Each structure stands twice: as structure tokens, then as C-alpha cells.
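The values are calculated or read from the model by the stated rules, or taken from the named source; none is laboratory data. Note that the coordinates shown come from a computational prediction; the quantities given were computed from them, not determined experimentally. For neighbour counting, all protein chains shown are included, and Cβ atoms are generated from backbone atoms with ideal geometry for every residue, glycine included. These area figures cover heavy atoms from the full protein model, side chains too; ligands, DNA and RNA do not enter into them. Shrake-Rupley method; radii C 1.70, N 1.55, O 1.52, S 1.80 Å.
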Amino acid sequence: MQASRARLFKEYKEVQREKVADPDIQLVCDDSNIFKWTALIKGPSETPYEGGVFQLAFSVPEQYPLQPPQVRFLTKIFHPNVHFKTGEICLDILKNAWSPAWTLQSVCRAIIALMAHPEPDSPLNCDSGNLLRSGDVRGFQSMAKMYTRLAAMPKKG
Amino acid sequence: MENQDEIPVEPETESSTFISAYEADDWSNYKDSDVMLQQSAIFEEDAAKSPFVGDKEPLSSLEAEYKSGSPILLEKIKVLSEQYAAIRRTRGDGNCFFRSFMFSYLEHILESQDIAEVERIKTNVEKCKKTLQGLGYADFTFEDFFALFIEQLESVVTGNEAPISHDELIVRSRDQSVSDYVVMFFRFVTSGEIRKRSEFFEPFIFGLANLTVEQFCKTSVEPMGEESDHVHITALSDALGVPIRVVYLDRSSCDTGGISVNHHDFVPASDDNDTSSSAAGGSDPNPNPNPNPIPFIVLLYRPGHYDILYRK
């Protein structure tokens, strides 16, 4: 518990320092609980998520950093490796490939990379995965783009 | 909004049952947190059965394990018992090599009070830190693990205070918050060494796992619970400059007739490989005065697992 707190505090300081270096990620710690974080990440360019801002919720376990943080999308997203309802993310580093060499910040980077490079062979959103697996890239992109507009962009007017 | 209705998906024959919305609802009840809870429950169950580091047992306990097993193994255990007196088991949680190394090393220092060795390994640990920094690891990701190892190391030698007791060493080795941190320290050191000398390790890794050096370190070295192979052992031994003997207990028999037990000594490569570039600065002027005759760390390897062996 003490170790995880100390580590998170170091990450907090690092995040303040890196703010300028990584404008696509805005990582914020809960005012009253250092084990709860949220992040706003920008949809990577040249993907159907471009122009969208996606919110992630982090829940950090007491055994952190020996155990990974739990991360899910709060913003609805149409992506093969993200559960459409719960926002759960299928990403190896959040499960068995986790190591303390990762940080909350680098997890955000990995999620952005996953947005740009979906892995349709291990889908949490089967509809999305099936579109890609059947080669219907245009179908996938238009669905993903639609949900980006609906859920991840500021409403006009 | 329900996306299931909107996309005309041709149900695949083998997974058609999975596609129905009801099934999907069931699956959505299983969250990551449930999976992790279940996993930790399994670990706790294992923990109750065997501690991270067990008690010292006479070698005969090994024999008892194979009583009705392969005669070759029983023969080999007999051969082993000529040289070795005892075994200390470690938990088979994928960290057994690192855990065995940790206990064996600290126990040796505690018993020998070899201050020169402590100073020597501290120098190497410092180099490992520089290696990781050179590879771009942020200090805060690894420094806690390094600090905890140094703390354990200092606790087993006489310094300002008397060294901890042997019992206390066992207690600490079984305490997850110490034991896992030291294992993770070794994982960082191992990963750093492999990446620093990636040209050297590349062919071995390719033969073992068909992965790039980078992928291998990310997936098979740094995560807890990933099992160790000769690549890990070589890298750790080189990085810390500690020789390791691994005795192999398997069913292989020699064609020449007599039963013998194979072992392999991992002897650290002489300091400062020319292939390394990132570890520049302050090369060690000490050309390893003592080309270690027999490693003081002896591990027993049975396919998939490492335990600690004690000489007679």
C-alpha cells in the first residue's frame, strides 16, 4: 500500500513535467484518491477516431506497480478490442504482459497505439472485429467514425 | 444504442452461439476485475500449499517424490546425493528461478559475511542502473526495486547493525512485499542486460521464442510470472557477475551406459563487453582476479522448475 502510494506520487510529479511533451494525453489524478485517475486522450490522426477526445478511467490496485491498473473507456467507442458496453480494453499489457516498467502515462500511449492498430483477432467487440476480419474496412471505419462523432466530439451549437 | 441490430454480420459457423445478444450480455458480466480476483484466489490457494521459499529438506525427500517413478530419475537422484545434501523448494509460480537465486545469494552472503562480494555486486548493481537509464527507462519505474534489493543485501551483513537472523531471511523471502520486489529487481536487471547486448542475445532469443529482443524483454522477462530460460540465467549472471550452477534432473540418459547428472555452469562474461555501448563510462579496472572455480549458487532444474540445492 505504502509502496504503491509512493510510486503513484512519483508518477504524479512526472505527469506534471510531461504535460507539454505529450499534448495528446491529459492524465489527471482524483483530488481525494491517488488510486483513481482519469485521462483524456486524443484520437490518433488518420484513424476514424481523429478529432475525438476519449475519456479513460483508471483504477489502481494496492499491489501496483506489481499489478496493472484497471483501465476502461468512459467514452463510447467502436473498436474491436474495446467492449462496447463496459469500455473494457483487451490489451496484453493490462493483463499478463504487465510489468512495473509501464506507467499510467505509457499505458495511455499504448491505448492510443491500439486505437490506431486494432487487433481484430482478439475482439471484445465482435461486430467491429468481424467487419475488419471480413475485410470490410470501409464499413468498420464509417461505424467507428459515426460513434466518434456521436460520443467523442463536442456537440455543435 | 444497440449496435448488434445495425450491422449485418454473417454468423460464423463456429462462433454463431457467441453472437446472440443474450450471450454477449452474459459475457459482459465478467469484468477484468472478476478475472483478476479469481486469479489472485488461485494464487492464494497455491500460497497455502507452498511458500515462496520452502524449508530445507534432506535430498531423500526428492527421492520419495519419485518412488514409483522413472528408474532413471531415481538413479540420478542417487548420483546427486553423493554431492548434495539438501534441497530447498520454491513455489512454481513462474518466478522460481529468480526467487531461488535471491534466497541462495542472500543466504550465502549471510553465512559467509563476504564484504568484498557485497561491494563487488553493489558496483554491478550501479552499472545495471546506468544501463536501464541508457535504454530510456524512467528512474521512478525501477528505483524502488533496486532500493529494496540493496536494503536486503545490507541487512544480511554486519554494518551499523548486526545482520538479520537466518529465520528473518526466510520470513522476508516469504513476504510478498519483499520477495516480489526483489524478483522484479532481477527482472529489470536481466532485461537491461539483454537489451544492452541485444546483438549477443538475439540468436538465442530467436531460437527460443521467435521474437525480437525488444518483444522478448517486454513479454518474457519483465512481466512477473514469466518463466526463465537459459537466456535469462546468462543475462542475470553476467549483469551481476555471479556464477550459477544449474544441475539438470531429467529423463535423458547417456548412451555410454553409466548414469550421470548433467550440470551447466553459467560463468559471467568478463566485464565490459565490447558490444555494449550504453554502459559507457568508468569501465572496471578489476579484471576478475578469481576465475571462480565452483559457483556458490546451485540450482536444481527439473523441466519447468528451479529449486535450490545444498552441497554436502
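Quick check: anything in the stretch B:74-96 among the aromatic types (Phe, Trp, Tyr) and under 27 Å from residue B:305 (Cβ atoms)? Yes, the stretch B:74-96 has at least one match.
Test residue A:148 against the stated conditions and say whether it is hydroxyl-bearing (Ser, Thr, Tyr), surrounded by fewer than 20 Cβ atoms within 10 Å (Cβ to Cβ) and either more than 9 Å from chain B (Cβ to nearest Cβ) or closer than 28 Å to residue A:15 by Cβ (or both). In short, no.
Restricting attention to the stretch A:96-115, the residues being at the interface with chain B (Cβ under 7 Å from one of its Cβ atoms) and part of a helix (DSSP H, G or I) number 0. A count restricted to the stretch B:80-91 and to residues that are under 14 Å from the mean Cα position of the chain (by Cα) and surrounded by fewer than 17 Cβ atoms within 10 Å (Cβ to Cβ) stands at 0. Note on the stretch B:59-76: residues that are open to solvent by less than 30 Å² (accessible area, probe 1.4 Å) and either in contact with a Ser or Thr (Cβ under 9 Å, 6 or more places away or on another chain) or modelled with pLDDT of 95 or more (or both) total 3. Taken over the stretch A:44-72, the criterion of being of a type in the set (Gly, Ala, Ser) and within 11 Å of chain B (Cβ to nearest Cβ) is satisfied by A:59 alone. Of the residues making up the stretch A:1-49, those that are loosely packed, with under 14 Cβ neighbours inside 10 Å and under 30 Å from residue A:138 (Cα atoms) number 3. Please identify the pairs in which a residue from the stretch A:92-120 that is without any contact (Cβ under 8 Å) to a residue 24 or more places away in the chain has its Cβ atom under 7 Å from the Cβ atom of a residue that is hydrophobic (A, V, I, L, M, F, W, C), counting only partners at least 6 apart or on another chain. Hits for this filter: A:110/A:91; A:110/A:93.
A quick yes/no check of all residues on (1) more than 27 Å from residue B:46 (Cα to Cα); (2) within 15 Å of the chain's Cα centre (by Cα):
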position: B:181; (1), (2): no, yes
position: B:187; (1), (2): no, yes
position: B:192; (1), (2): yes, yes
position: B:207; (1), (2): yes, no
position: B:210; (1), (2): yes, no
position: B:213; (1), (2): yes, no
position: B:221; (1), (2): no, yes
position: B:239; (1), (2): yes, yes
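Of all residues in the stretch A:116-157, those satisfying the criterion of being assigned to a helix (DSSP H, G or I), more than 20 Å from the chain's Cα centre (by Cα) and charged (D, E, K, R) are A:133, A:138.
Between A:41, A:93, A:77, which is assigned to a helix (DSSP H, G or I) and more than 15 Å from residue B:140 (Cβ to Cβ)? Write out each step before concluding.
Values: A:41 fails: assigned to a helix (DSSP H, G or I); A:77 fails: assigned to a helix (DSSP H, G or I).
Matching residue, one of A:41, A:93, A:77: A:93.
Sub-8 Å Cβ pairs linking a first residue in the stretch A:74-87 that is under 16 Å from residue A:122 (Cα atoms) to a second residue that is of a type in the set (Val, Ile, Thr) and open to solvent by 10 Å² or more (accessible area, probe 1.4 Å), at least 6 apart or interchain, are A:87/A:75, ordered by first then second residue. Condition check for residue A:153 on (1) closer than 19 Å to residue A:43 by Cα; (2) within 12 Å of chain B (Cβ to nearest Cβ): one failure, at (2).
Quick check on my filter: what residues within the stretch A:26-59 are of a type in the set (A, V, I, L, M) and out of contact with any strand residue (DSSP E or B) (no Cβ under 8 Å at 6 or more places or on another chain)?
Across the stretch A:26-59, the qualifying residue is only A:34.
Residues are listed down the side, and each one gets a yes or a no for (1) crowded, with 21+ Cβ neighbours inside 10 Å; (2) among the small types (Gly, Ala, Ser); (3) on the phi > 0 side of the Ramachandran plot:
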residue: B:210; (1), (2), (3): no, no, yes
residue: B:237; (1), (2), (3): yes, yes, no
residue: B:243; (1), (2), (3): no, no, no
residue: B:253; (1), (2), (3): no, yes, no
